[in-house]
Amino acid sequence: MLTSVKIQKRQSEIRQHLAALVGKEKPDETEQRSMTELDTEYQTNEARFRAALIAEDTERREAGASLETRGDREYSDLVNKFEMRQVVLALDEGRVLDGATAEVVQELRSKGGYRGLPIPWAALERRVGETIASGIFDPKQVRPVIDRLFPDSAAARMGAQMVNIDTGLVEYPLTTSSVSAGWADGETANVAGPTVFATTERTLSPDHNLGIQVKITRKSLKQSGDALEQAVRRDISGTMQAVLDTGVFNGTGANGQPVGVISGQGTHGYGTTAISADASSSIFRTVAGTFMTANSANSPADVKVLMHPAMWNFMDSELVTGTAVSEWDRHVKNFPAQNNVLSSQATLTSATPDTSVALLATSAGGVAPIWIGSWGGIDLIRDPYSDAQSGMLRLTAIATFDVAVSRLAQLHLLTAINVE
């Protein structure tokens, strides 16, 4: 029991004793002495009570924070123990799920419908002991969801944020009005305004399903053991990363694809500039200046650039006249190397082989420039018939995605850039 609660209880007892004593018209010496002692104790306890509240304030805050985040931490710990191997064997042999895997599957089922066995997105992360290009990935590090799933994806490096949605449509209101302040022109004059506060909505809808099929041979099932865990996760996450990057930036909006950020520039409505000139550091510097003028970015270091590898190759070979400095050297002075994202999947060259496009993005006020909506987890379904003769296990993983841009001022597309 907290000290403050004990003091409150004692104060209540003192008030009861005093109420009984003060009701007597002629208290004896013992009763008078008792009243004096109780009064002194009551005054002392008041000071102790205030001190206890101050001392316990930190404990209360920590306890409250613990209660608010305990559920998320416990679920995260369960997901860290999730075993893809159990899911595969449950689909192949009918083995009963147990431990953390069973608890996570039950939690996912309670929030949405799945034809097969649901898999949390975090289960696809690369775990300790698996080497990737940038070193060892630690799944316990707190990162946005899309970074945990695909740390090397172009969408993640461009600052896109994945939003997990249980069911239905989700709308994000964004302020479109410009509320301005102004000086009063004189002692009795009014200040500027009023200005209408207007918003617009960005909608994420579950209209686009991304699916892949994985075949696991009977030999793999019997021979690999625990190694099957990493193999299945690598296959599913690697394939989804490549296709999702293409869809996020170059989705056509037809044949089940979402409207990509680059291919759907006209639909999304953010700014674009036709360069019709060679790739150079100056064209990116000019657009970064536009970002800073619109208060979307504070410096070029806040701007990320997505380009085709052919553009990097061209700029690195273009030397400034009379020097050994290339256009790429000048470019990375303004835009740090980690802010430049090279991707052949995200920035396909146009129909003209010698031109390409580039996308500039910035995160303003903590708001990501691109949102990727994902509905629930991954639905892993077994096909028991197609490969039954060979004893192979065919799995289909289906996930639902959508793409939306946030503030239009946070994106700008450069087109018709010569790279040859």
Checklist entry - Hey, any hits in segment 60-76 for a residue that's loosely packed, with under 11 Cβ neighbours inside 10 Å and at pLDDT 80 or above? => result no
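How many of the residues making up segment 310-325 are within 16 Å of N418 (Cβ to Cβ) and not in a loop (DSSP other than H, G, I, E, B)?
Taking segment 310-325 and keeping what is within 16 Å of N418 (Cβ to Cβ), we get 310-318.
Filter once more, keeping what is not in a loop (DSSP other than H, G, I, E, B): 310-317.
The total comes to 8.
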Next on the checklist: Just to be sure I understand the filter: pairs with C-beta atoms under 7 Å, separated by 6 or more residues or on different chains, first member in segment 399-420 and on the phi > 0 side of the Ramachandran plot, second member assigned to a strand (DSSP E or B). Which pairs pass?
Outcome noted: A416/A274; A416/I275; A416/S276; A416/T355
Item to check | Some residue of segment 392-411 being in the same structural domain as T273 (by TED's automatic domain parsing), loosely packed, with under 15 Cβ neighbours inside 10 Å and among the hydrophobic types (A, V, I, L, M, F, W, C) | outcome: no
Checklist outcome for this item: Here the residues within segment 357-411 that are assigned to a loop (DSSP other than H, G, I, E, B), out of contact with any Lys or Arg (no Cβ under 9 Å at 6 or more places or on another chain) and among the polar types (S, T, N, Q) are Q389
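Given the condition of a type in the set (V, I, T), more than 24 Å from L91 (Cα to Cα) and modelled with pLDDT under 85, answer yes or no: does some residue in segment 201-212 qualify?
Here is the first cut: in segment 201-212, the residues of a type in the set (V, I, T) are 203, 212.
Narrowing further to those that are more than 24 Å from L91 (Cα to Cα): 203.
Keeping just the survivors that are modelled with pLDDT under 85 gives 203.
Yes, there is a match, as at least one residue in segment 201-212 is of a type in the set (V, I, T), more than 24 Å from L91 (Cα to Cα) and modelled with pLDDT under 85.
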Checklist outcome for this item: The lone condition G23 fails out of (1) surrounded by 14 or more Cβ atoms within 10 Å (Cβ to Cβ); (2) farther than 29 Å from L2 by Cα is (1)
Item to check | Condition check for A301: farther than 18 Å from D354 by Cα, free of Cβ contacts under 8 Å to residues at least 40 places away in the same chain, out of contact with any Ser or Thr (no Cβ under 6 Å at 6 or more places or on another chain) and part of a loop (DSSP other than H, G, I, E, B) | outcome: no
Next on the checklist: For a quick check of your reading of the model, give me the residue pairs whose first member lies in segment 265-292 and is within 10 Å of V303 (Cβ to Cβ) and without any contact (Cβ under 8 Å) to a residue 24 or more places away in the chain, whose second is in a strand (DSSP E or B) and among the β-branched types (V, I, T), with beta-carbon atoms closer than 9 Å and at least 6 apart or on different chains.
Outcome noted: M292/V303
Checklist entry - Just one of A254, A231 is of a type in the set (A, V, I, L, M, F, W, C), more than 12 Å from L210 (Cα to Cα) and surrounded by fewer than 16 Cβ atoms within 10 Å (Cβ to Cβ); which is it? => result A254
Item to check | Pairs, first closer than 11 Å to T217 by Cα in segment 379-396, second among the small types (G, A, S), C-beta under 8 Å, six or more apart | outcome: R394/S386
Checklist entry - Does segment 233-248 contain any residue that is free of Cβ contacts under 8 Å to residues at least 60 places away in the same chain, over 30 Å from A123 (Cα atoms), in the same structural domain as T415 (by TED's automatic domain parsing) and not aliphatic (A, V, I, L, M)? => result no
Checklist outcome for this item: Those residues of segment 304-326 which are buried (at least 20 other Cβ atoms within 10 Å of the Cβ) and either within 32 Å of the chain's Cα centre (by Cα) or touching a residue at least 40 places away in the same chain (Cβ under 8 Å) (or both) amount to K304, V305, L306, M307, H308, A310, M311, F314
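Quick test for you: out of T188, T217, pick the one residue that is over 21 Å from G159 (Cβ atoms) and outside the structural domain of F335 (by TED's automatic domain parsing).
T188
The values are calculated or read from the model by the stated rules, or taken from the named source; none is laboratory data. Note that the coordinates shown come from a computational prediction; the quantities given were computed from them, not determined experimentally. No Cβ is skipped: glycine too gets one built from the backbone with ideal geometry, and neighbour counts run over all protein chains shown.
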